[in-house]
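K.L.:
Have a look at the structure that comes next, please.
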Amino acid sequence: MNWRAVGAIYGFEMARWRRTLLQSVVSPVISTSLYFVVFGAAIGSAITAIDGVSYGAYIVPGLVMLTLLTQSISNASFGIYFPRFSGTIYEILSAPVSPVEIVLGYVGAAATKSVILGLIILATASLFVPLRIDHPFVMILFLLLTAATFSLFGFLIGIWADGFEKLQLVPLLIVTPLTFLGGSFYSIKMLPPFWETVSLFNPVVYLVSGFRWSFFGQSDVGVAISLAMTGLFLVLCLATVAWIFRTGYRLKA
């Protein structure tokens, strides 16, 4: 393993992130604060509690997961797309760097940024509502697994996209709606039986549910199922990345 190459790619991506802290960190924190003002204060005043948890605290895992998913995809997709756009990807492909090392550098940097931002959002949330974390190790596990999985997914989008507008196509039109409909701001058990069943086909439900269990010890689906679904999506992303480097899809064209 060429750790120097991994460190070079990782360091470059982290340095680029530090140069855009206003856009990368401050903007999501402000957006999350607005969610708490609107949902926590305005709507939360009309909803006393969900399963014994105040509404303001109940939406915290959903907000963290929303930020984690969107930022993981955004960071990873732009990280690999820009070298393709500028042509510098050929220098990386011709260098003595294996596909595993390339993925580790780009995906590792994207996942690191997302985890840092998720922890900042969590700290920001604690200023608005009292929080408890019943299972901190499970919370960290979900945080790391989700960040790595969706950074890989963003890596795939960055390779698939042939224009800047396509980088935002999947996050805006697919991931964000699925997150809002995935129990981020409510329990799917509050839905009519038919729509509760339909919600179980939304993969984000399992992410939010498992992450919420780590906070309050309660979830819409079993935590083991949530971990299994996250692991399954991670394996699918890894298999797709392996196929891309084996065939050169969108990399050598």
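What follows draws every value from the coordinates through simple rules; no lab data is involved. Just so you know, these numbers come straight off a predicted model, no measurement behind them. All Cβ positions, glycine included, derive from the backbone under ideal geometry; neighbour counts span all protein chains shown.
K.L.:
Report the charge-dipole magnitude of the chain in Debye, nearest 20, computed about the Cα centre from +1 at each Lys and Arg Cβ and -1 at each Asp and Glu Cβ. Please report the intermediate quantities before stating the final value.
P.N.:
Details: 13 positive and 9 negative charges, 105 e Å.
Here the size comes out at about 500 debye.
K.L.:
Measure nothing fancy, just the Cα-based angle from helix 3-19's long axis to the longest principal axis of the chain, in degrees from 0 to 90, nearest 10.
P.N.:
On a 0 to 90 degree scale, this one is about 60.
K.L.:
Kindly put Leu117, Leu181, Leu236 in sequence by how many other C-beta atoms sit within 10 Å of each C-beta, fewest to most.
P.N.:
With the sparsest Cβ surroundings first, the list reads Leu236, Leu181, Leu117.
K.L.:
A follow-up question, please. As I understand it, the dipole of the range 3-247 uses +1 on the Cβ of Lys and Arg and -1 on the Cβ of Asp and Glu, about the Cα centre. Which of Ile159, Leu21, Gly183 lies farthest toward its positive end?
P.N.:
Leu21
K.L.:
While we're here: Rounded to the nearest 10 degrees, what's the angle between the helix 136-160 long axis and the longest principal axis of the chain, both from Cα atoms, 0 to 90?
P.N.:
For helix 136-160, the angle is close to 50 degrees.
K.L.:
Moving on. By counting other Cβ atoms within 10 Å of each Cβ, how are Asp51, Asp220 ranked from fewest to most? Intermediate values should be presented prior to the final figure.
P.N.:
Values: Asp51 13, Asp220 24.
Exposure proxy ranking, most exposed first: Asp51, Asp220.
K.L.:
A follow-up question, please. Provide the FRET efficiency to the nearest 0.05 for the Tyr249-Thr20 pair, computing r from the beta carbons and using R0 = 25 Å.
P.N.:
Once rounded, the FRET efficiency stands at 0.30.
K.L.:
For the chain, what relative contact order do you get, as a whole percent, if you take Cα pairs closer than 8 Å and at least 6 residues apart? Can you show the working numbers first?
P.N.:
On the way: 289 pairs, mean separation 65.6, N = 253.
Taking the mean separation of contacting Cα pairs over the length of the chain, I get 26 percent.
K.L.:
So how do Glu165, Glu196 line up by other beta-carbon neighbours within 10 Å, fewest first?
P.N.:
Glu165, Glu196
K.L.:
Here is a further query. For Phe194 paired with Ala8, estimate the spin-label separation in nm (one decimal), with each label point 7 Å from Cα along the Cα-to-Cβ line.
P.N.:
5.9
K.L.:
Taking the simple approach of a point 7 Å from Cα along Cα-to-Cβ for both Val235 and Leu131, what is their distance in nm?
P.N.:
3.2
K.L.:
Now for a different question. Can you give the angle from 0 to 90° between the axis of helix 99-126 and the longest principal axis of the chain, with both taken from C-alpha atoms, to the nearest 10?
P.N.:
Approximately 30 degrees, to the nearest ten.
K.L.:
With each run of n ≥ 4 DSSP H residues scored as -39500 (n - 2.57), what mean residue ellipticity at 222 nm is computed for the chain after dividing by its residue count and rounding to the nearest 500 deg cm²/dmol?
P.N.:
Rounded to the nearest 500, it is -22000 deg cm²/dmol.
K.L.:
In nm, to one decimal, how far is the Leu144 label point from the Asp162 one, both placed 7 Å along Cα→Cβ?
P.N.:
Taking the simple label geometry, Leu144 and Asp162 are separated by 3.9 nm.
K.L.:
How much FRET efficiency would the formula 1/(1 + (r/R0)^6) give for Leu178 and Ser98, where r is the Cβ-Cβ distance and R0 is 45 Å, rounded to 0.05?
P.N.:
It comes to 0.85.
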